[in-house]
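Notes to accompany the following structure.
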Amino acid sequence: MIGFGVPYKINKVINLTPFRVTKNRYEISRDEFSVIGAPVYGGRLPSPFVRRLKNIKADNSPAILLVVYGNVGYGDALLELKEISTKAGFSPISAGAFIAEPAFSDDLHPIAKDRPDSLDTRIAIQFGAESFKRHMTKTVTKEENELSLPGKYPYHESKISFLVSPDMNKAKCTKCGICSE
């Protein structure tokens, strides 16, 4: 993945955000290297992302795990991502948490304003390069590869609820999901 410190071109991008991918199934082969990234809300992964990630089946495929949070903390999200991706068949080689400005940040309520900045970007690129090098040189034993990540299991219940919804004419709604995208 060029631009993240991993010297490969991107062959496949699976965006789990759109509503229409809810039922799509994906398979990742043993020789594919993956970067799995997710946002954090209230210290947890969003439930739609979790449901959709469970539709991916990997064959012991190496993966870098990433979460992006809005300057407060990432709670159990990285540990949760490790658990879900491992159950899906990925073999996590590294994990990182990065700060970014959330979509709902505004001038009146700024959160992680102008993040990631140039330093954040350099750190992410270095992290990606070191992760990939670690994987390619195979200097890590299976025991060392068992990532020890912060978080507590069972995970705390997410108390985040979004009270925002698009304006719509219910009589014309076909439940296509486009408005949720």
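The values are calculated or read from the model by the stated rules, or taken from the named source; none is laboratory data. What you see is a predicted model; the values in this text were computed from it and never measured. Reconstructed Cβ throughout: ideal geometry from the backbone, glycine too, with neighbour counts over all protein chains shown. Ligands, DNA and RNA are stripped out before the accessible areas are found, and what is left, the full protein with its side chains, is counted by its heavy atoms. Shrake-Rupley method; radii C 1.70, N 1.55, O 1.52, S 1.80 Å.
Quick notes on this one:
- Matching entry among Lys82, Lys57 (being among the basic types (Lys, Arg), assigned to a helix (DSSP H, G or I) and touching a strand residue (DSSP E or B) at 6+ places or on another chain (Cβ under 9 Å)): Lys82
- Residues that are in a loop (DSSP other than H, G, I, E, B), over 26 Å from Glu130 (Cα atoms) and at pLDDT 80 or above within segment 17-42 comprise Arg25, Gly42, listed in sequence order.
- Of all residues in segment 33-77 being touching a helix residue (DSSP H, G or I) at 6+ places or on another chain (Cβ under 9 Å) and among the basic types (Lys, Arg), the one that is nearest to Asn15 (Cα to Cα): Arg52
- Every residue from segment 92-118 that is under 30 Å from Ser29 (Cα atoms) and either open to solvent by less than 20 Å² (accessible area, probe 1.4 Å) or in a loop (DSSP other than H, G, I, E, B) (or both): Pro92, Ile93, Ser94, Gly96
- Residue in segment 127-136 that is closer than 24 Å to Pro48 by Cα, crowded, with 17+ Cβ neighbours inside 10 Å, at pLDDT 80 or above and out of contact with any Leu (no Cβ under 8 Å at 6 or more places or on another chain) present: no
- Candidate set from segment 34-91 (those that are small (Gly, Ala, Ser) and within 17 Å of Glu157 (Cβ to Cβ)); member that is surrounded by the fewest Cβ atoms within 10 Å (Cβ to Cβ): Ser47
- Filter result for Asn24 (without any contact (Cβ under 8 Å) to a residue 24 or more places away in the chain and surrounded by fewer than 20 Cβ atoms within 10 Å (Cβ to Cβ)): no
- Number of the condition not met by Val72 [criteria: (1) in a strand (DSSP E or B); (2) closer than 24 Å to Ile125 by Cα]: (1)
- Check on Arg122, farther than 16 Å from Phe33 by Cβ, over 18 Å from the mean Cα position of the chain (by Cα), outside any strand (DSSP E or B) and charged (D, E, K, R): yes
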